[in-house]
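The values are calculated or read from the model by the stated rules, or taken from the named source; none is laboratory data. Computed from a predicted model, the values in this text were never measured in an experiment. Note that we place each Cβ from the backbone using ideal geometry, even for glycine, and neighbour counts take in every protein chain shown. Accessible surface areas use protein heavy atoms only, side chains included; no ligands, DNA or RNA. Shrake-Rupley method; radii C 1.70, N 1.55, O 1.52, S 1.80 Å.
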Amino acid sequence: MEKSKRMLLLVNPCSGKKAAQSVLLPIVDQLNKSGWRVEVRITQSRGDASKIASMAEGYFDRITAVGGDGTLNELISGVAGWNTLPDIGYIPLGTTNDFASTLGFPKDPVEAAKTAAEGEPFVCDIGRFGERYFAYIAAFGAFTDVAYSTDQQAKNIFGRLAYLFQGALELSSLQQGQHMKVVTEKETIEDDFIFGGVSNSLSIGGFKGLLTGDIYLDDGWLELLLVRQPKSMVQLHELVTALLSQQFTGANGIYFLKVRSAEFICDHPVAWTLDGEDGGERERVTVQCVPGAVSFSVGARDPELSLGDLTEPVTGA
């Protein structure tokens, strides 16, 4: 008889309005049916998943996160220091699940468990934020919580417009943007920014399509988006129009470029989020792409997410 493969199941009991409590047994049952011997660990506090994952190298064939983007972020942080390529499954139970949306994980937990057990491997990049890591985005500024607080029904009906409308409401309460210098391998940008983000995803805050173009999760590049502080209603109108039309020129207040690394320099501490979770405050931090750092067990992902699936390579220049 073939020896069963060992899976560590890291479960956040609070994700998705405590949905894990009702679906854990069907999830484990599906994993067993797919030939996995499962060890379940329930996280007790913030940071638990990272600590457990960091010590699991060599003991398990695959580690699977059951929770939201924050749980996945902790898992990524925990395995980033491994000497071997981490093999990861993901069963999304959070409220936003950006990375799951990008990779096409099923929304049904049992179907997602089947994908975690039987899916195809997809080796992709992650980001490094100082000494920490993230799966799909590090961001600062006014919009970092807008995408997560915007009503889901409004998102479904109005798409990007809902995000922009909620963001415009926040703008009315802003005094000024963050004056910051951003140094990349291509250029240095210095301005007052109301938003900055470095991402490796097609979905941000529950929206697909905010960023378009040649975005691949395994090309060794991250996408840098900076939004300048509008000084007038005219500039605000130009900014919104640019976001809707995806015309990012810098002259209209939006900078967008592919980077391998970006250093952010400010004269005071700035609050960041990593995968939608608290990333702490930094006056200076370097964000880098870590190519081919993890392998996800995925199902019917969009082939355009992978540079390796294309016949013509993209340089990222």
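Points worth noting:
- Values of log10 I(q)/I(0) for the range 42-125 across q = 0.16, 0.22 Å⁻¹ run -0.58, -1.12, by the Debye formula with one identical scatterer at each alpha carbon and no solvent.
- What the Cβ-Cβ distance of ALA271 and GLU118 gives, at R0 = 51 Å and to the nearest 0.05, is a FRET efficiency of 0.80.
- Note on SER261 and ASP214: with the Förster distance fixed at 22 Å, the Cβ-Cβ geometry gives a FRET efficiency of about 0.75.
- When the C-alpha to C-alpha distance is required to be over 20 Å, the pairs from LYS181/LYS258; LYS231/LYS258; LYS5/LYS107; LYS5/LYS51; LYS18/LYS51; LYS186/LYS231 that qualify are LYS231/LYS258; LYS5/LYS107; LYS5/LYS51; LYS18/LYS51; LYS186/LYS231.
- Among the GluC sites (Glu not before Pro) in the range 1-72, those located in a DSSP loop and surrounded by at most 10 other Cβ atoms within 10 Å of their own Cβ are GLU2.
- Local net charge near ARG46, Cβ-Cβ under 14 Å (Lys/Arg +1, Asp/Glu -1): -4
- Solvent exposure of MET55, expressed as accessible area, is near 130 Å², computed with a probe of 1.4 Å over the protein chains only.
- The range 1-83 shape via C-alpha gyration tensor axes, a/c threshold 1.5: oblate
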